[in-house]
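Worksheet: one structure, shown below.
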Amino acid sequence: MSGRRRRGGRLVALEGIDGTGKSTLARALATALRARGFRVALRREPSDQKLGRLAQAASVADPWTGAIYFTLDRFLARPALERALGRHDVVVTDRSFYSTLAYQGTALPRGERLRLERLQRRVTPPPDEVLLLDLPPREALARLGRRSTGRGPLERRRTLERVAAGYRSMARRHRWTVLDARLSRAELVDRALQALGAPPGPAGRRSGRR
């Protein structure tokens, strides 16, 4: 957890297809890091729910337009993200620009996908660490089926299979930590902490400075 960002805190992104438990792990990981004395901020994408709904709806027929909606949301949220990084030791985010590359990017031709990746890196700080929650799409859909809100427009088996393959490809290329989403919450937190190399906590930063 030693810092390499001049602007301050570490940006830790949780990625994975819908239904893998990213939000649950984000909260549990933040709690564990705070118990070790770290100042932790939690965030999730999209920041603007209206833009998020527009992005999902557009992505079905036009992945590029959907990606641009998500990118606009990311650009607008950048000042708040940078403030959080300046005030905290760790910012744990449920999704990052890699989710756009996985969901929308994998539906685009290679040239447009590379263009989209360059755009993401210009509009927002990249994560310092990415933890990929990996789960077979069939099991993810079973989990989603138990939600009261029902499925979103991108929560279809064929879509999730494509996205899961895209995530795995990026994980290999960027050497992300891959976590089996079927593990218990406690096991996932332990493995996430190990992957982050989280020590007992920075000197002088106790629970009162979160």
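Scanning the range 170-187 for residues that are surrounded by 13 or more Cβ atoms within 10 Å (Cβ to Cβ) and out of contact with any strand residue (DSSP E or B) (no Cβ under 6 Å at 6 or more places or on another chain) returns Met170, Arg182, Leu183, Arg185. Of the residues in the range 87-96, at least one is assigned to a helix (DSSP H, G or I) and touching a residue at least 12 places away in the same chain (Cβ under 8 Å).
Kindly evaluate Thr106 against the criterion of being polar (S, T, N, Q), touching a residue at least 12 places away in the same chain (Cβ under 8 Å) and in contact with a Gly (Cβ under 6 Å, 6 or more places away or on another chain). Considered against the rule, which asks whether it is polar (S, T, N, Q), touching a residue at least 12 places away in the same chain (Cβ under 8 Å) and in contact with a Gly (Cβ under 6 Å, 6 or more places away or on another chain), Thr106 comes out as yes. Thr71 meets each of the listed conditions (1) of a type outside the set (D, E, K, R); (2) under 27 Å from Leu154 (Cβ atoms); (3) not in a helix (DSSP H, G or I) apart from (3). Consider the range 5-64 and keep the residues that are without any contact (Cβ under 8 Å) to a residue 12 or more places away in the chain and closer than 21 Å to Thr124 by Cβ. The one that is surrounded by the most Cβ atoms within 10 Å (Cβ to Cβ) is Ala58. Would you please list the contacts, defined by Cβ atoms under 8 Å and residues six or more apart or on different chains, that run from a residue in the range 119-131 that is at pLDDT below 95 and surrounded by 17 or more Cβ atoms within 10 Å (Cβ to Cβ) to a residue that is assigned to a helix (DSSP H, G or I) and small (Gly, Ala, Ser)? Pairs that qualify, where the first residue is at pLDDT below 95 and surrounded by 17 or more Cβ atoms within 10 Å (Cβ to Cβ) and the partner is assigned to a helix (DSSP H, G or I) and small (Gly, Ala, Ser): there are none. Looking at Leu54, Leu14, just one residue is in contact with a helix residue (DSSP H, G or I) (Cβ under 8 Å, 6 or more places away or on another chain) and assigned to a helix (DSSP H, G or I), and that residue is Leu54.
One residue stands out in the range 136-169 among those that are surrounded by fewer than 13 Cβ atoms within 10 Å (Cβ to Cβ) and not in a helix (DSSP H, G or I): the one that is modelled with the lowest pLDDT, namely Ser148.
In the set Thr71, Thr65, which member is β-branched (Val, Ile, Thr) and within 16 Å of the chain's Cα centre (by Cα)? The match here is Thr71.
Scan the range 33-51 for residues that are assigned to a helix (DSSP H, G or I) and aliphatic (A, V, I, L, M) and the total you get is 3. Regarding Val40, is this residue farther than 27 Å from Arg168 by Cα and over 15 Å from the mean Cα position of the chain (by Cα)? The answer is yes for Val40. Checked against (1) in a helix (DSSP H, G or I); (2) closer than 23 Å to Pro46 by Cα; (3) free of Cβ contacts under 8 Å to residues at least 12 places away in the same chain, Glu112 passes all but a single condition, namely (3).
The values are calculated or read from the model by the stated rules, or taken from the named source; none is laboratory data. Keep in mind the model is a prediction, meaning the values are calculated, not measured. Note that each Cβ is placed from the backbone with ideal geometry, even for glycine, and that neighbours are counted across all protein chains shown.
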